[in-house]
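Since the structure comes first, as structure tokens, the remarks are kept for the end.
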């Protein structure tokens with residue numbers, strides 16, 4: 001995952017191993033849809049990502065037991 005180029009001055013992409021994801025749930029708000037909250041095991045944090053970012057990993061996540069779409 002990387003930051004929008006305008007804001008990434010001096011920052012490297014954030015690498016999150018798929019094995020660190022322990023739970024995925026919808027994180028939709030009133031007018032913003034198709035977002036998901038990922039809960040990581042280490043460190044114990046949560047991230048909100050759009051469906052588009054997770055789409056390439058859909059099949060892999062399904063094999064790991066994550067049914068989110």
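The values are calculated or read from the model by the stated rules, or taken from the named source; none is laboratory data. Note that this is a predicted model, so its numbers are computed, not measured. For neighbour counting, all protein chains shown are included, and Cβ atoms are generated from backbone atoms with ideal geometry for every residue, glycine included.
Details
- When the range 14-44 is limited to residues that are part of a loop (DSSP other than H, G, I, E, B) and touching a strand residue (DSSP E or B) at 6+ places or on another chain (Cβ under 8 Å), the one that is nearest to residue 4 (Cα to Cα) turns out to be 16.
The rows are residues; the columns are (1) in contact with a helix residue (DSSP H, G or I) (Cβ under 8 Å, 6 or more places away or on another chain); (2) surrounded by 12 or more Cβ atoms within 10 Å (Cβ to Cβ); (3) in contact (Cβ under 8 Å) with a residue 60 or more places away in the chain.
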| residue | (1), (2), (3) |
| --- | --- |
| 5 | no, no, no |
| 34 | yes, yes, no |
| 40 | yes, yes, no |
| 44 | no, no, no |
| 53 | no, yes, no |
| 59 | no, no, no |
| 65 | no, no, no |
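- From 49, 11, residue being assigned to a loop (DSSP other than H, G, I, E, B) and either modelled with pLDDT under 85 or surrounded by 10 or more Cβ atoms within 10 Å (Cβ to Cβ) (or both): 11
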